[in-house]
Amino acid sequence: MDTITPSYLTRAEFWLCLTTLIYFLMNGAQLFETLVFVPKWTTSPPDNFKLLLDGQGLSLKLFWTVFHSLHEVTFILAIIFCWKIDTVRNELLILFVVHFAVRIWTLSYFAPNIIDFQKIAENSTLAKNLIHRTSLWQTLNYIRVAIFIAISIGLVPLCIKLFNLRQ
């Protein structure tokens, strides 16, 4: 612990607090999307799938790509700058592993299904089991968003631990 300088601690605090702030901002966007936007396009499939098309609805692909990329860079930087602080580092690594698992789930399930729903919006003959698929997607999305919120809440005690190290 004696190798942790005040400037090291300042950098650790900055990056952990920044990633926590960005995570909470991301949660706000996810909550808005989950509570406002998702119910609009999941009702009456495939008619409302047009909301998913770029140029005809909201373009969420660019937004989420930038937001998640920015957040993951800050998350990794928080891990790097908290590395010498064992208790913070270990808990941060656990949160990152859970975060990464949910990101893999997002890229392997949620994103491909959205792409399929967009294809169906352009050609409704591709539609199969839409009510079941959209209902499942919506239900699993509630779980995914809840996990992301839990991770961000889990970052708060780590910020507090860092600030308490100054005393």
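Comparison of Arg133, Arg144 shows that the only residue that is at pLDDT 95 or above, part of a helix (DSSP H, G or I) and of a type in the set (Lys, Arg) is Arg144.
In region 117-129, the residues that are closer than 14 Å to Asn48 by Cβ form Cβ pairs under 6 Å with partners that are hydrophobic (A, V, I, L, M, F, W, C) and assigned to a loop (DSSP other than H, G, I, E, B), at six or more places apart or across chains, as follows: Gln118/Leu53; Ile120/Ala127; Ala121/Leu53. Of the set (1) over 19 Å from Asn141 (Cα atoms); (2) touching a residue at least 12 places away in the same chain (Cβ under 8 Å), all apply to Val66 but (2). Of the residues making up region 114-137, those that are surrounded by 15 or more Cβ atoms within 10 Å (Cβ to Cβ) and within 17 Å of Thr65 (Cβ to Cβ) are Ile114, Gln118. Residue count for region 35-94 under the criterion of being within 17 Å of Leu25 (Cβ to Cβ), loosely packed, with under 12 Cβ neighbours inside 10 Å and of a type in the set (D, E, K, R): the result is 0. In region 138-150, the qualifying residues are those that are surrounded by fewer than 18 Cβ atoms within 10 Å (Cβ to Cβ) and in contact (Cβ under 8 Å) with a residue 60 or more places away in the chain, and the one that is farthest from Thr34 (Cα to Cα) is Ile149.
Looking at this structure, is Asp54 part of a helix (DSSP H, G or I), at pLDDT below 95 and either at positive phi or of a type in the set (D, E, K, R) (or both)? So Asp54 fails the test. Scanning region 1-34 for residues that are surrounded by fewer than 18 Cβ atoms within 10 Å (Cβ to Cβ) and among the small types (Gly, Ala, Ser) gives Ser7, Gly28, Ala29.
The values are calculated or read from the model by the stated rules, or taken from the named source; none is laboratory data. Since this is a predicted model, take the numbers as computed values, not measurements. For neighbour counting, all protein chains shown are included, and Cβ atoms are generated from backbone atoms with ideal geometry for every residue, glycine included.
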